[in-house]
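Peer 1: Encoded as structure tokens, here's the structure I'll be asking about.
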Amino acid sequence: MNQLLNELIVVPRLVNTQTVDFNDWCVRMAHGSTVTAADVAAVMQQIEDKLPEILSLNAKVICSPSGLTFRPKVSGCIKQSELKAKLEARKAAEEDPEKAAKIDVNRELTPSDLGINDCSVSIEVDLPKEWNTIFHNRATLKRIKKTTTEIVEAPAETPETPENPENVGPSIEG
């Protein structure tokens, strides 16, 4: 039961995912080109070394002709209740009674109350829209039986109903 909507929800999940490890990735990237898997690995290592450095300078990096973009991201927040708790702690720790009296623990939250310790940095990745189109054209959804690992084809119109309990969720194959 979804607590926000107060109703049952059925959602898909991925099953039978595979992993392409780094060495296999480099071999696949080199296949059909004039570079070797070692060349690809060396470039990937350079990306791994240099990308965080460039992003830390508050620059975004466009890494592909179609627009694969890496950019720095800052997130964080402070709530009114958290500000009040910080101000109460500061007021209690203040030894000078005059300074303590000036600390208004009930004041309204302002943007300047968001401190560095309330924030975190991360790397955001913007995928080119055409990648989703290519992926959508190559991937297929298939239903998987609950009792076995056998994959059963089902048309998109087949509803998940109590009469059809073996259709428990889609799997992506590409």
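Peer 1: Taking only region 42-96 into account, find how many residues are free of Cβ contacts under 8 Å to residues at least 40 places away in the same chain and outside any helix (DSSP H, G or I).
Peer 2: Counting residues in region 42-96 that are free of Cβ contacts under 8 Å to residues at least 40 places away in the same chain and outside any helix (DSSP H, G or I) gives 13.
Peer 1: On the basis of being within 28 Å of Ala59 (Cα to Cα) and of a type in the set (Lys, Arg), does Lys129 make the cut?
Peer 2: So Lys129 passes the test.
Peer 1: Quickly run through region 51-100 and pick out the residues that are surrounded by 14 or more Cβ atoms within 10 Å (Cβ to Cβ), closer than 30 Å to Lys129 by Cα, in contact with a Leu (Cβ under 9 Å, 6 or more places away or on another chain) and not polar (S, T, N, Q).
Peer 2: Val61, Leu68, Phe70, Arg71, Pro72
Peer 1: Answer yes or no as to whether Ala101 is modelled with pLDDT of 95 or more and outside any loop (DSSP other than H, G, I, E, B).
Peer 2: The answer is no for Ala101.
Peer 1: Ok, one more. Pull up region 1-28, narrow it to residues that are closer than 27 Å to Leu141 by Cβ and assigned to a helix (DSSP H, G or I), then point me to the one that is most open to solvent (accessible area, probe 1.4 Å).
Peer 2: My answer is Arg28.
Peer 1: Here is a follow-up. Every residue in region 115-131 that is part of a strand (DSSP E or B) and of a type in the set (A, V, I, L, M, F, W, C), please.
Peer 2: Cys119, Val121, Ile123, Val125
The values are calculated or read from the model by the stated rules, or taken from the named source; none is laboratory data. Since we're looking at a predicted model, the values are computed, not measured. Ideal geometry is used to build each Cβ from the backbone, glycine not excepted, and the neighbour counts take in all protein chains shown. Ligands, DNA and RNA are stripped out before the accessible areas are found, and what is left, the full protein with its side chains, is counted by its heavy atoms. Shrake-Rupley method; radii C 1.70, N 1.55, O 1.52, S 1.80 Å.
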